[in-house]
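The values are calculated or read from the model by the stated rules, or taken from the named source; none is laboratory data. Everything numeric here is computed off the predicted structure, so don't read it as measured data. All Cβ positions, glycine included, derive from the backbone under ideal geometry; neighbour counts span all protein chains shown. Protein only, heavy atoms only, side chains kept; ligands, DNA and RNA dropped before computing areas. Shrake-Rupley method; radii C 1.70, N 1.55, O 1.52, S 1.80 Å.
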Amino acid sequence: MLELKNITKIYNPGEVTEMSLFEDFNLRVSDGEFVSIVGSNGSGKTSLLNIVCGSIPVESGQILVGGKDITHMPEHKRYRNIGRVYQDPAKGTCPNLTILENMSLADNKGKKYLFASGINRKRADFYREQLASLGLGLEDKMNLRVGSLSGGQRQAMALLMTTMTPIDFLILDEHTAALDPKTAEIIMELTDKIVREKKVTTMMVTHNLRYAVDYGDRLLMMHKGEAIIDKQGDEKITVTVPDLLHVFNEISIECGN
């Protein structure tokens, strides 16, 4: 279980541009939960992910995972148990390495390399099986450099590589935003399949309101560092895209837009 307790985050403290985003913010995410997060720019949704991952520090509060306080744990140590897929497909893979080499790197996450080869060719059949599950024909292109793949293929690989080793959390940071609509649909279907099969706790930030409604078992809408909508289970099932658009329009009017 992930718990954020009384989190306060201030950007540029002591400067003219000082902004308090989170003030005594609280959130609890249960094991195996798939949370979709929406909100306007500056609402705090990406900052929320960065706080969980340790990419940005907090002024006060606690971050607990399974009851263990990780508030001051360095980012690189948190990533032993966190997988993250970014908006930019280029960030989740190494373009100058082959598909086989990328899969081997992901397979060795958290392990000591010493002076042994980073590529375990005995695992090649396993990698082919994993790639075949994507349905993109990548299993027949193991020696192809990843930089030559399409954005959708790279994002599908990033999803697979991120979840190859056991993780506590999957963090999806607008991972379909840079893709064309057809490819984005494929990636979302793959996302749902992987999350369900591996039963991994997932937090997904998206600007696509339909994805937020259709995927996940909990929906958060962020605004000014607060969760103004938090629907889960049967309550989430009743939420529609027009419902979310109505709230967005109210926020827009409130902000004078």
Taking the criterion of being over 15 Å from ASN50 (Cα atoms), at pLDDT 85 or above and open to solvent by 70 Å² or more (accessible area, probe 1.4 Å), would at least one residue in the stretch 106-122 satisfy it?
no
Kindly indicate whether any position in the stretch 81-94 is open to solvent by 30 Å² or more (accessible area, probe 1.4 Å) and among the charged types (D, E, K, R).
yes
Among (1) touching a residue at least 24 places away in the same chain (Cβ under 8 Å); (2) under 21 Å from VAL52 (Cα atoms); (3) open to solvent by 40 Å² or more (accessible area, probe 1.4 Å), where does MET203 come up short?
(3)
Say whether the condition of being among the polar types (S, T, N, Q), under 25 Å from LEU172 (Cβ atoms) and in a strand (DSSP E or B) is met by at least one residue in the stretch 20-29.
yes
Would you mind stating whether ASP125 is surrounded by 14 or more Cβ atoms within 10 Å (Cβ to Cβ) and either without any contact (Cβ under 8 Å) to a residue 60 or more places away in the chain or more than 26 Å from VAL247 (Cα to Cα) (or both)?
no
Helices (runs of 4 or more DSSP H) completely within the stretch 161-237 that count 2 or more residues being polar (S, T, N, Q):
181-198
I need every pair where a residue in the stretch 24-37 that is closer than 11 Å to VAL200 by Cα and open to solvent by less than 50 Å² (accessible area, probe 1.4 Å) has its Cβ under 8 Å from the Cβ of a residue that is assigned to a loop (DSSP other than H, G, I, E, B) and β-branched (Val, Ile, Thr), sequence separation at least 6 or different chains.
GLY32/VAL200
Residue, farthest from the chain's Cα centre (by Cα), within the stretch 71-92, restricted to residues that are under 26 Å from GLY61 (Cβ atoms) and of a type in the set (D, E, K, R):
LYS77
Quick check on my filter: what residues within the stretch 122-158 are assigned to a helix (DSSP H, G or I) and among the basic types (Lys, Arg)?
LYS122, ARG123, ARG128, ARG154
